[in-house]
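Right, one structure below, let's go through it.
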There are 2 protein chains.
Amino acid sequence: MDIREFVERSIGCWRSQRSAHHLAFSHFEAIQSVIDIISLAPDDPGVLELCQTYSVNPQSIVCPFRMTWEGQSDWDESEVLKGTCILVPVPDGEQLQKGKLLRDQGYAETMAAAGRYTLTEDGTFVLVTEYDRAAAEERIWFVNPNVRCRVSLIKTSAGTGVVTASFSSEIRQETPG
Amino acid sequence: MDIREFVERSIGCWRSQRSAHHLAFSHFEAIQSVIDIISLAPDDPGVLELCQTYSVNPQSIVCPFRMTWEGQSDWDESEVLKGTCILVPVPDGEQLQKGKLLRDQGYAETMAAAGRYTLTEDGTFVLVTEYDRAAAEERIWFVNPNVRCRVSLIKTSAGTGVVTASFSSEIRQETPG
């Protein structure tokens, strides 16, 4: 599996069940959402702008996409969690198994970010993003073409402390028509 | 990471937060438990009996262990979930990265079982156990020496359907004294 195949398999509409474990308090949070992943043209204005922000040559990117989500947490059922962002993979040269992943601020993200991704031997997409005071590690894999699992860990930048561990099971929605 | 190192790192007492996603109903279940993992002597009577059940030469096993758990689900807070079982890794010859894992019935398991394990390049322990009408896939990895993550999937034996996906975050407990 390379990044191109991984993105292609991800395109679609997914119903997501997410559980977040806030480890310090042994607290469980349950989030239900719908996630839409669509591919973008390499010359989409938002994609080109993101390349410029990170001084990346638009020729070196592959299969940019947009992710949009809308959901609800059992912590505050009156609040709708929603957001959208553009994601742009930038492989390390010819090597499609690893590279950078650029993400724009969209609405809902606090800032643009660039992470490092790797696709492991067994087809797991691993993304590590370093922030000022924290790091996020995300692992996504396909159980079958219609089921994805995603584990996200937020660690303090000291590195040893895990603050939140969350797990999503994502099921592909039938497309109407 | 080989099976020996994986078992050694797992020995201890863990506080576990588990979320089960029952996919057909989009239902969340939250389970809190304490898991104790202790190593057993290769000539422990329970270990020898399990080897005999599966016609495995006791010389070919490595680091057998016992897992004991006790917890509570938010589905039925009055019920205590508890169990114990013996687990015996049987590597494929010299190859410590893959092999069989035998498990006895203990109390709480419906039957003894033998699964196939693999340790991937990035240190994830993957266990696949086939039952009559279902298959279980479990992935366990260490985030750091004191935090483990575990994802378990129960699939129907037809193979494409995932029935339950569950995620545990496990934190090592301080040992008193």
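Being within 12 Å of chain A (Cβ to nearest Cβ) and either surrounded by 13 or more Cβ atoms within 10 Å (Cβ to Cβ) or not in a strand (DSSP E or B) (or both): is that true of residue B:171 here? In short, yes.
Scanning segment B:112-133 for residues that are more than 14 Å from chain A (Cβ to nearest Cβ) and out of contact with any strand residue (DSSP E or B) (no Cβ under 6 Å at 6 or more places or on another chain) yields B:112, B:130, B:131, B:132, B:133. Considering segment B:1-36, the residues that are without any contact (Cβ under 8 Å) to a residue 24 or more places away in the chain and outside any loop (DSSP other than H, G, I, E, B) include one that is farthest from the other protein chains (Cβ to nearest Cβ), namely B:5. Modelled with pLDDT of 95 or more, surrounded by fewer than 15 Cβ atoms within 10 Å (Cβ to Cβ) and either more than 14 Å from every other protein chain (Cβ to nearest Cβ) or on the phi > 0 side of the Ramachandran plot (or both) - does that describe any residue in segment B:61-83? The answer is yes, given that some residue of segment B:61-83 is modelled with pLDDT of 95 or more, surrounded by fewer than 15 Cβ atoms within 10 Å (Cβ to Cβ) and either more than 14 Å from every other protein chain (Cβ to nearest Cβ) or on the phi > 0 side of the Ramachandran plot (or both).
If you scan segment A:3-40, which residues turn out to be surrounded by 15 or more Cβ atoms within 10 Å (Cβ to Cβ) and acidic (Asp, Glu)? Answer for segment A:3-40, where residues must be surrounded by 15 or more Cβ atoms within 10 Å (Cβ to Cβ) and acidic (Asp, Glu): A:29, A:36.
Among the residues of segment A:39-68, those identified as more than 9 Å from residue A:90 (Cα to Cα) and either in a strand (DSSP E or B) or hydroxyl-bearing (Ser, Thr, Tyr) (or both) are A:39, A:53, A:54, A:55, A:65, A:66, A:67, A:68.
Here residue B:43 meets each of (1) more than 14 Å from every other protein chain (Cβ to nearest Cβ); (2) surrounded by 14 or more Cβ atoms within 10 Å (Cβ to Cβ) with one exception, condition (2).
Just to be sure before I move on: is residue B:103 more than 12 Å from chain A (Cβ to nearest Cβ) and charged (D, E, K, R) in the structure I sent? Against the criterion (more than 12 Å from chain A (Cβ to nearest Cβ) and charged (D, E, K, R)), residue B:103 qualifies.
Is it the case that some residue within segment A:125-135 is touching a residue at least 40 places away in the same chain (Cβ under 8 Å) and under 30 Å from residue B:126 (Cβ atoms)? Checked against the condition, which is being touching a residue at least 40 places away in the same chain (Cβ under 8 Å) and under 30 Å from residue B:126 (Cβ atoms), segment A:125-135 yields at least one hit.
Filter segment B:86-102 for residues that are in contact with an Asp or Glu (Cβ under 8 Å, 6 or more places away or on another chain) and at pLDDT below 95 and give the result. Of everything in segment B:86-102, those that are in contact with an Asp or Glu (Cβ under 8 Å, 6 or more places away or on another chain) and at pLDDT below 95 turn out to be B:96, B:97. For segment B:99-124, filtering for residues that are buried (at least 17 other Cβ atoms within 10 Å of the Cβ) and either touching a residue at least 24 places away in the same chain (Cβ under 8 Å) or charged (D, E, K, R) (or both) leaves 8.
The values are calculated or read from the model by the stated rules, or taken from the named source; none is laboratory data. Predicted model only: the values in this text are computed from it and were never measured. Positions of Cβ are generated from backbone atoms using ideal geometry, with glycine treated the same way; all protein chains shown enter the neighbour counts.
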